[in-house]
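The values are calculated or read from the model by the stated rules, or taken from the named source; none is laboratory data. Values in this document were obtained by computation on a predicted structure and should not be read as measured data. Ideal geometry is used to build each Cβ from the backbone, glycine not excepted, and the neighbour counts take in all protein chains shown. Accessible surface areas use protein heavy atoms only, side chains included; no ligands, DNA or RNA. Shrake-Rupley method; radii C 1.70, N 1.55, O 1.52, S 1.80 Å.
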Amino acid sequence: MNINARIALTCLVMLLSSGLDSRAQEESFRFDMGVGLGMAGYLGDLNESNPYRHPGFTGDLALRYRPDTRWAFRSVLALSSLSGNSADLASELPDNAVYSFKSTVVELSERVEFNFFSFGIGETYKHLRRWSPYLALGAGVAIATCQGSTHAAFTIPMGVGVKYKVGPKLTAGIEFSMTKAFSDHFDGDIADLYHIKSSFIKNTDWYSRLAVSLSYEFGLRCPTCHYYD
């Protein structure tokens, strides 16, 4: 192969690679699936201030459906470990009682996300951004196992986060969330430590998650129907 043929072949390969990369940058997807890892914390009878005084592990699997660039619907299956100790309380308990617990919480929730910016890459006519802060709100059910007892409850997860598109099919993110559990037994059978009755809504447990995530996108949108998202 002479020098001219080599140059022509090199130019053709570069042109095709450029075209394929450009096409990949313009592709948009409706779904993503990912994993998240981080730390979990607890607020309740045995911890009234800092949820990460006794940090635990948290991990999740998530499936997200994105009808457009601003909204998303996410299904999350999360596992978290929580713990607390009455020695951290500022005041003493009646009879100088001391309590501690460790529990494992499994939660399945459905959440709605709102992106502050039109999120994505490519499709320049939509003025997309590679990153966006977002808010999340949802509802779910969780099961907590603690010291031989198991309790189930409805939950309301609330979160704020930032997501960033690493590439056409990869998105990284970080999220902080607080979840209200409609149960006072996620810390075991500990309740009314001061022997003062209060409403059920007020006297329920919370847990928090701070996690980083990585997700893979799939489900290609119509690449030519620009009038339809």
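Below, the figures for the structure above:
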| item | result |
| --- | --- |
| Residues within the stretch 128-140 that are at pLDDT 95 or above and either open to solvent by less than 70 Å² (accessible area, probe 1.4 Å) or not in a strand (DSSP E or B) (or both), tallied | 7 |
| Count - residues of the stretch 61-73 that are touching a Lys or Arg at 6+ places or on another chain (Cβ under 9 Å), free of Cβ contacts under 8 Å to residues at least 60 places away in the same chain and not in a strand (DSSP E or B) | 1 |
| Residue selected from the stretch 40-81 under the condition within 15 Å of SER100 (Cβ to Cβ) and among the polar types (S, T, N, Q), by the criterion surrounded by the fewest Cβ atoms within 10 Å (Cβ to Cβ) | SER81 |
| Count of residues meeting criterion [more than 30 Å from GLY84 (Cα to Cα), acidic (Asp, Glu) and either at pLDDT 75 or above or not in a helix (DSSP H, G or I) (or both)] in the stretch 18-60 | 2 |
| Restricting the stretch 144-161 to residues that are touching an Asp or Glu at 6+ places or on another chain (Cβ under 8 Å) and at pLDDT 95 or above, the residue that is surrounded by the fewest Cβ atoms within 10 Å (Cβ to Cβ) | VAL160 |
| Of all residues in the stretch 82-92 being in a strand (DSSP E or B) and over 19 Å from the mean Cα position of the chain (by Cα), the one that is farthest from LYS102 (Cα to Cα) | ASN85 |
| Odd one out for PRO168 among (1) at pLDDT 95 or above; (2) surrounded by 16 or more Cβ atoms within 10 Å (Cβ to Cβ) | (1) |
| Answer from THR124, THR69 - the residue that is at pLDDT below 95 and under 25 Å from VAL35 (Cα atoms) | THR69 |
| Filter pass, LYS197 being at pLDDT below 90, open to solvent by 20 Å² or more (accessible area, probe 1.4 Å) and of a type outside the set (Gly, Ala, Ser) | yes |
